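Visitor: After the structure tokens below, expect a handful of questions from me.
The values are calculated or read from the model by the stated rules, or taken from the named source; none is laboratory data. A quick note: this is a predicted structure, and the numbers were derived from the prediction, not measured. Every residue, glycine among them, receives a Cβ derived from its backbone with ideal geometry; neighbour counts consider all protein chains shown. Note: accessible area is taken over every heavy atom of the protein model, side chains too, but ligands, DNA and RNA are not part of it. Shrake-Rupley method; radii C 1.70, N 1.55, O 1.52, S 1.80 Å.
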Amino acid sequence: EAGVAQSPRYKIIEKRQSVAFWCNPISGHATLYWYQQILGQGPKLLIQFQNNGVVDDSQLPKDRFSAERLKGVDSTLKIQPAKLEDSAVYLCASTTPAGGAAFFGQGTRLTVV
Amino acid sequence: GDSVTQMEGPVTLSEEAFLTINCTYTATGYPSLFWYVQYPGEGLQLLLKATKADDKGSNKGFEATYRKETTSFHLEKGSVQVSDSAVYFCALRTQGGSEKLVFGKGMKLTVNP
């Protein structure tokens, strides 16, 4: 079974530029999460989708971050414009409903200079 | 709100030492509980899980028991190896409703030969 795919693995941009990350979850997984993991900290939820609907985006900085999940499968997370403090690893995870474990992609390491 | 509190470390042990990482949680209802491990440069991997009270999750010599009365899910291993050096995260997933996935801050473990 294929795992959660994320791209790119690494990205370096200058502040005020824009960037987009892509995630393809495990086939059949209705729930998709995007997390931000700053070095030395635990993952922080940015947004949670159930199929193509948003369940929780309370911690998403909506003035600069946006995310979509068209057709309830792939998802894209965008930052525009980026700030230095956005430097982090962005993790995508997917899961089935009813308490199952979430499976994570390798993450995208973003460096904003 | 829902939250996870765990030992933060960092912790350094000698090979074959006993390991305990404490984890307690706060949640409404009866969440599923997980331990994830993150090896250097890699994404989060599920280590073990428990979905109801008194369940014991186990994998690769690690064990954790879901204790409802103490709202705890402590991770233990009787004899650690150098290859166990990683960051360990305790997490919960709420049941029903939004099914949030909430992480603790993580604990870095280094095992020396």
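Visitor: Condition first: within 23 Å of A:Gly100 (Cβ to Cβ) and facing another protein chain (nearest Cβ under 10 Å). Can you find one or more residues in segment B:63-72 that meet it?
Guide: no
Visitor: Please enumerate the residues belonging to segment B:1-44 that are open to solvent by less than 20 Å² (accessible area, probe 1.4 Å) and free of Cβ contacts under 8 Å to residues at least 40 places away in the same chain.
Guide: Matches in segment B:1-44: B:Gly43 only.
Visitor: Can you find a residue in segment B:90-103 that is more than 19 Å from A:Gln48 (Cα to Cα), of a type in the set (Phe, Trp, Tyr) and under 16 Å from the mean Cα position of the chain (by Cα)?
Guide: no
Visitor: Restrict the check to segment B:70-78 and report whether at least one residue is modelled with pLDDT under 95, surrounded by 14 or more Cβ atoms within 10 Å (Cβ to Cβ) and of a type in the set (D, E, K, R).
Guide: no
Visitor: Within segment A:47-104, count every residue that is charged (D, E, K, R) and closer than 15 Å to A:Trp34 by Cβ.
Guide: 9
Visitor: Ok, one more. Which of (1) away from every other protein chain (no Cβ under 14 Å); (2) under 17 Å from A:Cys23 (Cα atoms); (3) within 13 Å of the chain's Cα centre (by Cα) does A:Asn52 not meet, given it meets every other one?
Guide: Condition (3) is where A:Asn52 drops out.
Visitor: Please work out which residue is nearest to B:Val102 (Cα to Cα), limiting yourself to segment A:69-84 and to residues that are modelled with pLDDT of 95 or more and open to solvent by 80 Å² or more (accessible area, probe 1.4 Å).
Guide: Step by step, filter segment A:69-84, then rank; the result is A:Lys78.
Visitor: Give the number of residues within segment A:1-54 that are touching a Cys at 6+ places or on another chain (Cβ under 9 Å), free of Cβ contacts under 8 Å to residues at least 60 places away in the same chain and over 18 Å from B:Val102 (Cβ atoms).
Guide: The qualifying residues number 2.
Visitor: Right, here's the next one. Can you name every one of the strands (runs of 3 or more DSSP E) wholly within segment A:56-113 that holds 3 or more residues which are under 30 Å from B:Tyr30 (Cβ atoms) and within 14 Å of another protein chain (Cβ to nearest Cβ)?
Guide: In segment A:56-113, the matching strands (runs of 3 or more DSSP E) lie at A:88-95.
Visitor: Check off (1) modelled with pLDDT of 95 or more; (2) surrounded by 18 or more Cβ atoms within 10 Å (Cβ to Cβ) for B:Thr51 and give me the number that stays unchecked.
Guide: All conditions pass for B:Thr51, except number (1).
Visitor: Of everything in segment B:73-102 that's within 14 Å of chain A (Cβ to nearest Cβ) and among the polar types (S, T, N, Q), which residue is farthest from A:Tyr35 (Cα to Cα)?
Guide: Ranking the qualifying residues of segment B:73-102, first place goes to B:Gln95.
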